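The structure under discussion appears below in the form of C-alpha cells.
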Amino acid sequence: MSSARFEGTERYVATEDLMMAVNAGITLGRPVLVKGEPGTGKTQLAEEVAKSLGRPLFEWHIKSTTKAQQGLYEYDAVARLRDSQLGDDRVKDIGNYIRKGRIWEAFISEVQPVLLIDEIDKADIEFPNDLLRELDQMEFTVYETGETVRAHHRPIIIITSNNEKELPDAFLRRCFFHYIRFPDAETMQSIVEVHFPGLKQALLREALNAFYQVREVPGLKKKPSTSELLDWLKLLLAEDIPAEALRASDKRAIPPLYGALLKNEQDVHLFEQLAFMHRRNAR
Amino acid sequence: MLAEFFFLLRKAGLRVSITEYLTLLEALQARVASVSVDEFYYLARATLIKDEALFDRFDQVFAAHFKGIEQLFKAFSAEVPEEWLRRQAELLLSEEERRKIESLGGFEALMEALQQRLREQDGQHHGGNKWIGTGGTSPFGHSGFNPEGVRIGGKGGNRRAVKVWEKREYRNLDDSVQIGTRNIKLALRRLRRFAREGAADQLDLPGTIESTAKNAGLLDIRMQPERHNAVKVLLFLDVGGSMDDHVRVCEEMFSAARAEFKHLEYYYFHNFIYESVWKDNRRRHAERIPLTEVMRRYGPDYRLIIVGDATMSPYEISYPGGSVEHWNDEPGQVWLNRLLRAYPHAVWLNPEPEQRWSYTPSVQMTRELMDDRMYPLSLRGLDESIQGLRRPVAVAPLAGAPEPAP
C-alpha cells in the first residue's frame, strides 16, 4: 500500500474519474487498464504519473510478436551456442545469457516504480493471461537458474489498450478500468491551456470551434484527436495565423494547415467536396 | 447495501465477479473514495465495469439503486445526506459550538445538532436569512437542497447540476450496430484455430537449438510446417429481394470473412435454401450447383454460416413448390435439415434487428429449424454466434425428409 496520490500535473489534465481509477490502483497495488480513442493521452498518463510522484518509469511497448515471457526475461540460447563453439569462458554460467525484461527491471527497482505496459491488445490473445500470476503475486521464477525474482515494491502498473482485441475476463477482473472519453470543449480548453499557456483567447476559441466542426463531419475515416489538435495549434502559432482566418472555416471551408488534422487523402477529399458544396449553396 | 447493488448489477446482465466486488470493498476500506457519492460512483465503475460499452447500463443500475438508497436514508438523515452534513458542519457551526457539542457527545451528537439547525433553516428557507446568506459558499445555489436527491455538488468549482451517472453519456457506445470490417474481422478471429499442417518448410528454431544442445553442440536442423488457421467455413448468403436493405453490412461481413479464413467457401441463395445454390449472381440461372454436390465436396469439419433475413412467406419454407423463383419438389426446410445434418456446427446470422424477429413467422420457423442458432448481424450477435458454432446443432428429424439419393 502506498499513500501517494495522483492529481494530474501541470502538463496533463486528469478528469476526476481518471484520478479515481489511478489512485485506486496505486492504493491497492493493482493494475490500471486505460482504454480510449488513439491520441487521448493514454501512454502519456504513465509518464505523468511517474513524473508527478517522482518515480522511475519502465515502459514496455507491446507488438504483435511480443511474448509475455519477454517482459520477464529472455534466455539468449543462440549467443550461448556461439560462445560454446568459440570456447568462450562465459558459457559456463547460464546467468550470462539471461536478459532482464522490463517487468524484472521494475521488480528490482529501489523505489516503487511505475510500469507501463503499452498497447497490450496488440499482442496475442493469450498474452494477458500469461501475465496473471506475475502481476498478482509480483514474483516469478527463472527456470534456467532456479532463481526467484520478487518485487521489492509493488510497481504502479498502467496498461493501455486500443481495444483491438478483447482482453480475457480473468485478466480484467484484476484491473481497475478507465475509459478516456474524448474531452468535451471545456476540458479541451484546459488541456490546450496547459500546453500553450497564453494562447490568445480569440484564436483558441476559433481553433476549437473549427476542430470540433471537423470532428463532426460525417464519414471521416479518422477523426482528429487531441494530440492532432495540439499539433495543429503549434502550427497555427508558428505560422502566426490570425483568429479571423479561422473564422472563415466556420462555414465549412478548409481550415488552414489542415494537414495536421486530416490524416488521409480520402478525408481531405471528402472535406474539399463538402466545402465546395457549401460554397455553392451559399451563393 | 452493497451486496444488493452487486446482485442488481448481475441481474442487469453485468457479469461482475466476486473478486471485483471484494476489490471494491477493499478500496472502500482503504479510503480510496471518501464520502462523496461521485467518488464512490467513479470507484465502483473503475472496479466493476471493464468495458466502456457497458458504462451506460451500469449508470442506469447505479441511478436506479441509489434512488432507492436515498429513500432509505431519509429516516436517518431527514433527507440530508451525511457527506453534505459533514461539509456544512464547518460552515454552519461556529468553532465554539462545535467544541461544545464535541464535549457533549462527539460527532453523532454533532450531526444531530447540525440536522436540527438545518431543519430550522429549511423552515425559514423562503424567508431568506442564514440559508440564503450562505449562498456564496453553499454548493447548491439559491434553490437550496432538493429532497429528490438531485446532485448536491462537491467542492467549489464544480458546476454540474446533473449527476454524472444520470447524464448517461456512454449510451451511444452500447453494443452499437454499426460495424466496420475491422471489427467483424476481430470477431471472426475468435473462430481461429491454429494448427501446423502440410510440408515442413519452416525452421523450427527452438527445436533446432534444443536438439543441437542435446547433440553436444553439433548443429541439428529441425523443420516444421507453417502454422495457419485451420478453421474451414462454408458461407451461404441470401441475395436479392428483402436483403437489398442489408447489402452493406453483408458485404462487410463477407469481405471480413474472406480476409480472415483461408478455407472459405461461399454460395448464394435467394430467400431460402433449396436443392441448388450458385456462386456467381450474374449467371445464377445458368450455373447452379446442386446442394448435394456441395455437401459431398466439403466435409463435416466445415463450419456453416448462413446469412439471410429469413423474411418471406412461410410457404417458402414448408411447402413443395413454395419457392418464389422456381418449382421445388421438396420444401426448403427439408433441405436446410439435410444441410444441418451434414454440418452440425452451424449458425444463422440475421441482419434484421432482433426486436423485429418475433413479428415474422418465417423467422420463427427458421429459428426453430436452426435449433435456436439465429443471431443478429451485429458485433454482439457475431460474438454469440462464434460461441454457437462451438457446439453442434441438435437436428430434429423431419417427417417425410428422406436422405437425398446420392
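Listed values, structure above:
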{"item": "Given (1) free of Cβ contacts under 8 Å to residues at least 12 places away in the same chain; (2) out of contact with any Asp or Glu (no Cβ under 7 Å at 6 or more places or on another chain); (3) away from chain B (no Cβ under 14 Å), number of the condition A:Asp169 does not satisfy", "result": "(3)"}
{"item": "Residues located in the stretch A:79-89, provided they are in a helix (DSSP H, G or I) and surrounded by fewer than 13 Cβ atoms within 10 Å (Cβ to Cβ)", "result": "A:Arg82, A:Gln85, A:Leu86, A:Asp89"}
{"item": "Count of the stretch A:175-203 residues which are under 20 Å from the mean Cα position of the chain (by Cα) and within 14 Å of chain B (Cβ to nearest Cβ)", "result": "12"}
{"item": "Restricting the stretch B:354-390 to residues that are basic (Lys, Arg) and over 16 Å from B:Ala310 (Cα atoms), the residue that is surrounded by the most Cβ atoms within 10 Å (Cβ to Cβ)", "result": "B:Arg380"}
{"item": "Enumeration of residues in the stretch B:311-322 that are of a type outside the set (A, V, I, L, M) and within 23 Å of B:Tyr359 (Cβ to Cβ)", "result": "B:Thr311, B:Ser313, B:Pro314, B:Tyr315, B:Glu316, B:Ser318, B:Tyr319, B:Gly322"}
{"item": "Any hit, the stretch B:337-347, residues being out of contact with any helix residue (DSSP H, G or I) (no Cβ under 9 Å at 6 or more places or on another chain) and at pLDDT below 85", "result": "no"}
{"item": "Any hit, the stretch A:214-223, residues being assigned to a loop (DSSP other than H, G, I, E, B), aliphatic (A, V, I, L, M), modelled with pLDDT under 80 and surrounded by 14 or more Cβ atoms within 10 Å (Cβ to Cβ)", "result": "yes"}
{"item": "Residues located in the stretch B:41-53, provided they are facing chain A (nearest Cβ under 9 Å), in a helix (DSSP H, G or I) and not hydroxyl-bearing (Ser, Thr, Tyr)", "result": "B:Leu43, B:Arg45, B:Ala46, B:Leu48, B:Glu52"}
{"item": "Residue, modelled with the highest pLDDT, within the stretch A:6-24, restricted to residues that are part of a helix (DSSP H, G or I) and more than 8 Å from every other protein chain (Cβ to nearest Cβ)", "result": "A:Val22"}
{"item": "In the stretch B:306-347, residue surrounded by the fewest Cβ atoms within 10 Å (Cβ to Cβ) [restricted to those that are out of contact with any Leu (no Cβ under 9 Å at 6 or more places or on another chain), charged (D, E, K, R) and assigned to a helix (DSSP H, G or I)]", "result": "B:Arg341"}
{"item": "Meets criteria (within 14 Å of the chain's Cα centre (by Cα) and in contact (Cβ under 8 Å) with a residue 24 or more places away in the chain) for A:Glu134", "result": "no"}
{"item": "Unique residue being of a type in the set (D, E, K, R) and closer than 11 Å to A:Asp17 by Cβ when the list is B:Glu39, B:Glu26", "result": "B:Glu39"}
{"item": "Selection status of B:Leu22, crowded, with 19+ Cβ neighbours inside 10 Å and under 26 Å from the mean Cα position of the chain (by Cα)", "result": "no"}
{"item": "Qualifying residue in the stretch B:252-263 (condition: modelled with pLDDT under 80, out of contact with any strand residue (DSSP E or B) (no Cβ under 6 Å at 6 or more places or on another chain) and within 21 Å of B:Arg367 (Cα to Cα))", "result": "yes"}
{"item": "Residue match in the stretch A:27-34 (condition: more than 14 Å from chain B (Cβ to nearest Cβ) and either more than 22 Å from B:Ala33 (Cβ to Cβ) or not aromatic (Phe, Trp, Tyr) (or both))", "result": "no"}
{"item": "Evaluation of A:Thr160 against (1) within 14 Å of another protein chain (Cβ to nearest Cβ); (2) among the β-branched types (Val, Ile, Thr); (3) touching a strand residue (DSSP E or B) at 6+ places or on another chain (Cβ under 9 Å); (4) surrounded by fewer than 18 Cβ atoms within 10 Å (Cβ to Cβ) (one fails), failing number", "result": "(4)"}
{"item": "Single residue of the stretch B:21-37 satisfying the filter (facing another protein chain (nearest Cβ under 8 Å) and in contact with a Phe, Trp or Tyr (Cβ under 9 Å, 6 or more places away or on another chain)) that is farthest from A:Leu28 (Cα to Cα)", "result": "B:Ala33"}
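Every residue, every condition in (1) in contact with a Pro (Cβ under 9 Å, 6 or more places away or on another chain); (2) more than 12 Å from every other protein chain (Cβ to nearest Cβ); (3) outside any helix (DSSP H, G or I); (4) modelled with pLDDT under 80, yes or no:
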position: A:Ala4; (1), (2), (3), (4): no, yes, yes, yes
position: A:Ala46; (1), (2), (3), (4): no, yes, no, no
position: A:Ser52; (1), (2), (3), (4): no, yes, no, no
position: A:Thr66; (1), (2), (3), (4): no, yes, yes, no
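The values are calculated or read from the model by the stated rules, or taken from the named source; none is laboratory data. The structure presented is a predicted model; accordingly, all values stated were derived computationally and were not measured. Positions of Cβ are generated from backbone atoms using ideal geometry, with glycine treated the same way; all protein chains shown enter the neighbour counts.
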